[in-house]
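Structure first, then comments.
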Amino acid sequence: MLSMGTLDPPPHGKTIAYRFDKIWSVTSPDRLPYFSAGIWNASPSFPLTFIKNPILHRHVAYSKKALVGIIMGSSSDSKVMHAAAEILDEFGVKHEDQIVSAHRTPTRLEDYAKHAEREGFKVIIAGAGGSAHLPGMIASHTIIPVIGVPIMVYNDKGGQDKFKFSAFGGLDSLLSISEMPTGSPVVTVGVNKAANAGLYALKILANEHPDLRRRLKGYKVEQHRSVMKESEEMRRLGLARFATKRFKK
Ligand code: RP5
């Protein structure tokens, strides 16, 4: 399934996140540990080396098996959904990633829910665009908490530069996911906010894993530190100079 030789080289200057995106979109879930272990090496057609992330490579007890199932309605959703995977990777929490379409593979919904329960997933992150039935339908099949990610950008199958946008700019999927009738709730993050879905999943998992709770607190401390650093720079430079530097006007 995986063939490094067929990957296009990323444009010059693209980040590791982009490469995760490319890798992840062509990788079957069982190959992900290989990347986590840093086994992937440079190849002539993909000359950038995999950079080891020190956080990602810290081995943690809570992540021997996948605790989170990430699903999405289409391969085009991976453009947004990879952010959830990256947050989980950063915290060393394993996840299994699949495409399950509520309208194109309706029989897979129930099968996937059973699979998720068998695997012992603690959380399911489900992303979909348009009328976005996937998160709600999965939630109706299982008691595993489901976090829905409404997706705005979709259908890039016409090529990298030809994105089509859902008719209502993501509001369609936001309402489809959040307005589940009473009895089958889905927690919903903002439109395209897949990273928040990853963070929310970590918060749920932190109830059982004190180490994860500590690291999430550290994440908050880091956010605080970063704002304080920027604020100090703004105070020092003055707003006009700060904005010129910040946005390179
Ligand atoms: C939904 O339809 C998917 O979640 C996706 O966001 C949207 C469009 O899918 P593609 O036409 O790009 O496959 O089911």
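The values are calculated or read from the model by the stated rules, or taken from the named source; none is laboratory data. These figures come from a predicted structure and were not determined experimentally. All Cβ positions, even for glycine, are placed from backbone atoms using ideal geometry, and neighbour counts span all protein chains on display.
Observations on the structure shown:
- Between 131, 173, 226, 231, the distinction of being among the hydroxyl-bearing types (Ser, Thr, Tyr), in the same structural domain as residue 78 (by TED's automatic domain parsing) and more than 18 Å from the chain's Cα centre (by Cα) belongs to 131 only.
- Residue 183 vs. criteria part of a loop (DSSP other than H, G, I, E, B) and either at pLDDT 95 or above or out of contact with any helix residue (DSSP H, G or I) (no Cβ under 7 Å at 6 or more places or on another chain) (or both): yes
- Where strands (runs of 3 or more DSSP E) sit wholly within segment 85-154, none has at least 3 residues that are touching a Leu at 6+ places or on another chain (Cβ under 7 Å) and more than 16 Å from the ligand (Cβ to nearest atom).
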